[in-house]
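Below is one structure. I have some questions about it.
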Amino acid sequence: MSDKPERGLLRSYESAVALIQRLADAGWIFLAEYVACHLYHQTWNSTNTIAALVAMLAFHFVAEVNGLYRSWRAAPMKHEVFQVLATWAIAAPAVLFVAFLTKTSATYSRFVTTTWFLLTPTFAIAWRIAVRFALMEIRRHGRNSRSVAIAGLTHMAERIAQRITSDPYSGMHLVGFYDDRKPERRHQLSGNYAELAGDLDKLVEDAREGRIDRIYITLPLKAEPRINSIVHRLADTTATVFVVADFLVFDLLHAQWSAVGDIPVVSIFDTPFHGVGGWLKRFEDIVLGTLILTLIAFPMAAIALGVKLSSSGPIFFRQRRYGLNGRELRVLKFRTMTVCEDGPAVAQATKNDQRVTRFGAFLRQTSLDELPQFLQVLTGEMSIVGPRPHAVAHNEIYRSKIHGYMLRHKVKPGITGWAQVNGWRGETATLDKMEKRVEHDLQYIRNWGIYLDLKIIFLTIFGSKKSENAY
């Protein structure tokens with residue numbers, strides 16, 4: 001019996017799979033609209049065909065930019081699901097926009113359109129789940145597999161091995177680690193992922209004999225000559241070779257690949273809101289911001305009256321803070337204190353602060369003093385979710401004391417944020433409290449997604465930690 005793992009049935013057809021996904025998505029868009037028409041007993045006509053074509057083109061354009069048709073082999077299902085929803089969340093409004101421009105929106109049934117917009121992502125997601133389960137079943141029987149080797153026993157090698165072995169249905173079979181360094185220079189594995197299969201000469205030999213499909217080179221960046229040598233030798237094999245550069249040594253902030261001409265480069269500190277991500281974030285802010293402002297218009301009027309009657313002074317308070325890319329903005333809040341400080345030195349509110357009015361204490365405890373900032377969300381100065389902006393005076397203090405402090409300004413400031421729903425809000429009497437707030441802000445930027453935004457909004461309203469340290 002051969003000691004080589006069975007070769008994958010879809011080994012050379014990954015591009016074909018992506019093509020099938022594209023065709024399937026086009027089909028689901030047409031089918032969803034047809035079903036919606038059938039449910040409403042509406043006859044299909046040319047306007048339906050045009051709408052479906054526009055939706056198909058918009059969806060596929062956004063999907064290409066959004067990377068929907070990349071390989072999801074080793075990614076969790078939820079990531080692909082969220083990507084489908086995010087893509088359709090932009091494509092669907094595009095259809096409505098075209099209908100508005102062509103003055104044909106009145107010809108479409110609201111019931112049919114709403115049903116269509118709900119059915120399309122449902123069909124697309126259900127299809128992907130079915131495909132996943134089919135592939136899982138195939139891989140469970142040893143087919144559609146890839147044999148994987150890791151060159152270099154490093155910390156990054158263990159992370160790669162952990163990802164591969166944690167998902168047995170990905171079809172990735174870890175053959176072993178290859179390293180010719182002395183034992184004391186190798187990373188000590190914390191888990192039993194695979195054995196040390198040999199040195200780098202053995203790796204080349206196994207690759208030449210077809211025992212290995214994929215090779216991940218995880219040697220440190222300083223080992224560039226050795227990496228070049230092994231890559232040169234592996235050119236005499238048919239294995240797919242990946243160089244895993246350990247950029248984590250730079251404490252990455254949403255790093256992304258790009259290019260200067262034909263030269264590939266990777267950003268170390270970047271924002272997640274380029275391209276489709278930026279459009280999606282802005283779309284979220286406009287839609288949710290408009291909805292929320294409609295709901296809170298009357299409460300805001302009542303709060304404004306309460307501020308005016310409870311103490312002397314203006315209803316609103318504006319203060320200079322740092323916004324996107326460190327640009328200065330003036331945040332708008334309901335006044336909660338007897339003073340309106342905005343100078344080079346601003347004292348933070350403390351427990352039982354005598355400057356806070358009785359009505360202001362209630363507003364601060366419930367975060368209702370922040371409601372006017374939804375107007376700034378619509379103007380684009382702020383976002384609903386993001387790092388809370390600090391007073392300019394506080395920024396100048398903390399940027400010199402906390403490493404990476406200014407990186408929180410790579411995105412728009414928010415009305416609420418990941419730090420706030422985890423209890424890191426209010427007074428920062430000690431440096432470690434501000435460090436925890438900044439740590440959570442940077443976690444948000446690294447892991448941003450629509451799902452995370454919605455989770456933060458939910459926790460802002462219903463979370464148990466939302467009122468901690470608020471005074």
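Among (1) part of a helix (DSSP H, G or I); (2) modelled with pLDDT of 85 or more; (3) surrounded by fewer than 16 Cβ atoms within 10 Å (Cβ to Cβ); (4) touching a helix residue (DSSP H, G or I) at 6+ places or on another chain (Cβ under 7 Å), there is one condition Thr87 misses while meeting the rest; what is its number?
Single failed check for Thr87: (3).
I'm trying to understand the selection: among the residues of the stretch 389-422, which are farther than 14 Å from Glu435 by Cα, free of Cβ contacts under 8 Å to residues at least 60 places away in the same chain and crowded, with 22+ Cβ neighbours inside 10 Å?
Within the stretch 389-422, Gly414, Ile415, Thr416, Gly417, Val421 meet the criteria.
Could you please tell me which pairs satisfy a Cβ distance under 6 Å, a separation of 6+ or placement on different chains, a first residue in the stretch 294-322 that is assigned by TED's automatic domain parsing to the domain that holds His409 and outside any loop (DSSP other than H, G, I, E, B), and a second residue that is modelled with pLDDT of 85 or more and of a type in the set (S, T, N, Q)?
If the second residue must be modelled with pLDDT of 85 or more and of a type in the set (S, T, N, Q), the pairs left are Ser310/Thr357.
Can you tell me which residue in the stretch 99-116 is farthest from Ala58 (Cα to Cα), limited to those that are in a helix (DSSP H, G or I) and in contact with a Phe, Trp or Tyr (Cβ under 8 Å, 6 or more places away or on another chain)?
Applying the filter and picking the extreme gives Phe111.
Then there's this: Kindly indicate which of Phe82, Phe97, Phe59, Phe30 is surrounded by 13 or more Cβ atoms within 10 Å (Cβ to Cβ), out of contact with any strand residue (DSSP E or B) (no Cβ under 7 Å at 6 or more places or on another chain) and either closer than 29 Å to Ser145 by Cβ or at pLDDT below 80 (or both).
Phe82
Then there is this: Please indicate, with yes or no, whether at least one residue in the stretch 62-71 is surrounded by 17 or more Cβ atoms within 10 Å (Cβ to Cβ) and at pLDDT 90 or above.
no
Restrict the check to the stretch 443-466 and report whether at least one residue is more than 24 Å from Val81 (Cβ to Cβ) and either modelled with pLDDT of 90 or more or under 16 Å from the mean Cα position of the chain (by Cα) (or both).
No, the stretch 443-466 contains no residue that is more than 24 Å from Val81 (Cβ to Cβ) and either modelled with pLDDT of 90 or more or under 16 Å from the mean Cα position of the chain (by Cα) (or both).
If you go through the stretch 372-394, how many residues are in a loop (DSSP other than H, G, I, E, B) and touching a strand residue (DSSP E or B) at 6+ places or on another chain (Cβ under 8 Å)?
8
On to the next question. Say whether the condition of being exposed (fewer than 14 other Cβ atoms within 10 Å of the Cβ), among the polar types (S, T, N, Q) and not assigned by TED's automatic domain parsing to the domain that holds Leu234 is met by at least one residue in the stretch 110-119.
Checked the stretch 110-119: at least one residue is exposed (fewer than 14 other Cβ atoms within 10 Å of the Cβ), among the polar types (S, T, N, Q) and not assigned by TED's automatic domain parsing to the domain that holds Leu234.
Yes/no matrix, rows are residues, columns are (1) in contact with a Cys (Cβ under 9 Å, 6 or more places away or on another chain); (2) at pLDDT below 85; (3) surrounded by fewer than 13 Cβ atoms within 10 Å (Cβ to Cβ):
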position: Ala304; (1), (2), (3): no, no, no
position: Phe317; (1), (2), (3): yes, no, no
position: Arg335; (1), (2), (3): no, no, no
position: Glu341; (1), (2), (3): no, yes, no
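Which count do you get for residues in the stretch 33-67 that are assigned to a loop (DSSP other than H, G, I, E, B) and without any contact (Cβ under 8 Å) to a residue 24 or more places away in the chain?
Total satisfying the criteria: 5.
Checking the condition modelled with pLDDT of 85 or more, part of a loop (DSSP other than H, G, I, E, B) and surrounded by 15 or more Cβ atoms within 10 Å (Cβ to Cβ), which residue from Thr271, Thr237 passes?
Result: Thr237 is the single residue among Thr271, Thr237 that is modelled with pLDDT of 85 or more, part of a loop (DSSP other than H, G, I, E, B) and surrounded by 15 or more Cβ atoms within 10 Å (Cβ to Cβ).
The values are calculated or read from the model by the stated rules, or taken from the named source; none is laboratory data. The structure displayed is predicted, hence computed values, not measured ones. No Cβ is skipped: glycine too gets one built from the backbone with ideal geometry, and neighbour counts run over all protein chains shown.
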